[in-house]
Amino acid sequence: MRISMLCAVGLAGMLAACGDAASTGGNGGTAAPAGSTASDGGKDVLDACATLDKAVVGQSLGATVQSAELSAVHDGADGADRYSQCAYSFGGTKMVVFGSGQSSDGAGEDVAHLTARVRKQMQEGANAPTEDVPGVGKGGLWNPELHMLYVFTGEGRFWSFTLGTMGAPDQKAAAIALARKLGA
């Protein structure tokens, strides 16, 4: 299970960076207004931990989050998607990873384009088919093997939720509940 989670976390970063793993490192939790949009409540894509508070994660999953760590920050200077991840640790190997990003390919409101791009990348990283999730954001995708939900929020923005090691009875429903807490 831990290997599966590590693969899913790595895939989330790869999907966001379109294969380029350059990272700028954490930004210390400081939100940068240049990365914010109306669709995310003004939160910066480079600070996923500020976008999804650890108290909300813990309350939604019925467990205490012991730590939240910003990671996989990619500033998009090389033309790839801007993206960051926050890893919420519940102790032991239990972890949820949330990603916040913005597409660099100029798709903007073209959710069909973003969905097709991410579906292809998710399916290349997993053996299970990726499913549409209607009614979540402006479009959503779920991959049961990766335990990963992608939500497209508009203005080229997207969120990813990976619940691989949480052991929730219905991880898809738990990921959708987290997305809804953010307004998806």
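The values are calculated or read from the model by the stated rules, or taken from the named source; none is laboratory data. Predicted, not measured: the structure shown is a model, and the values here were computed from it. Here the Cβ is made from the backbone with ideal geometry for all residues, glycine too, and neighbour counts use every protein chain on show. Keep in mind that these areas ignore ligands, DNA and RNA; they rest on the heavy atoms of the full protein, side chains included. Shrake-Rupley method; radii C 1.70, N 1.55, O 1.52, S 1.80 Å.
If you go through the stretch 117-139 one residue at a time, do you hit one that is among the small types (Gly, Ala, Ser), under 16 Å from the mean Cα position of the chain (by Cα) and part of a helix (DSSP H, G or I)?
no
Checking the conditions here, which among Glu155, Glu145 is open to solvent by 20 Å² or more (accessible area, probe 1.4 Å) and at pLDDT 85 or above?
Within the list Glu155, Glu145, the selection yields Glu145.
Examine the stretch 88-98 for a residue that is touching a Cys at 6+ places or on another chain (Cβ under 6 Å) and either closer than 20 Å to Lys54 by Cα or open to solvent by less than 20 Å² (accessible area, probe 1.4 Å) (or both), and state whether such a residue exists.
Pass one, the stretch 88-98, residues touching a Cys at 6+ places or on another chain (Cβ under 6 Å): 98.
Narrowing further to those that are either closer than 20 Å to Lys54 by Cα or open to solvent by less than 20 Å² (accessible area, probe 1.4 Å) (or both): 98.
Yes - at least one qualifying residue is present in the stretch 88-98.
For the stretch 150-184, give me the residue count where each residue is under 14 Å from Leu114 (Cβ atoms) and in contact with a helix residue (DSSP H, G or I) (Cβ under 7 Å, 6 or more places away or on another chain).
Residues in the stretch 150-184 being under 14 Å from Leu114 (Cβ atoms) and in contact with a helix residue (DSSP H, G or I) (Cβ under 7 Å, 6 or more places away or on another chain): 10 in total.
Do the conditions hold for Ala168, that is, is it surrounded by 24 or more Cβ atoms within 10 Å (Cβ to Cβ) and not in a strand (DSSP E or B)?
No: the conditions fail for Ala168.
Contact list please: Cβ distance under 6 Å, first residue in the stretch 56-79 and without any contact (Cβ under 8 Å) to a residue 40 or more places away in the chain, second residue among the charged types (D, E, K, R) and assigned to a strand (DSSP E or B), pairs at least six apart or on different chains.
Gly76/Arg82
Just one of (1) farther than 27 Å from Pro144 by Cβ; (2) open to solvent by less than 50 Å² (accessible area, probe 1.4 Å); (3) in a loop (DSSP other than H, G, I, E, B); (4) at pLDDT 70 or above trips up Val65, so point out which.
Only one criterion is unmet by Val65, namely (1).
Name the pairs: first residue in the stretch 152-172 and within 16 Å of Ala184 (Cβ to Cβ), second residue of a type in the set (A, V, I, L, M, F, W, C) and open to solvent by 20 Å² or more (accessible area, probe 1.4 Å), Cβ to Cβ under 7 Å, at least 6 apart or on different chains?
Phe152/Val111; Thr153/Ala184; Trp159/Leu182; Thr162/Val9
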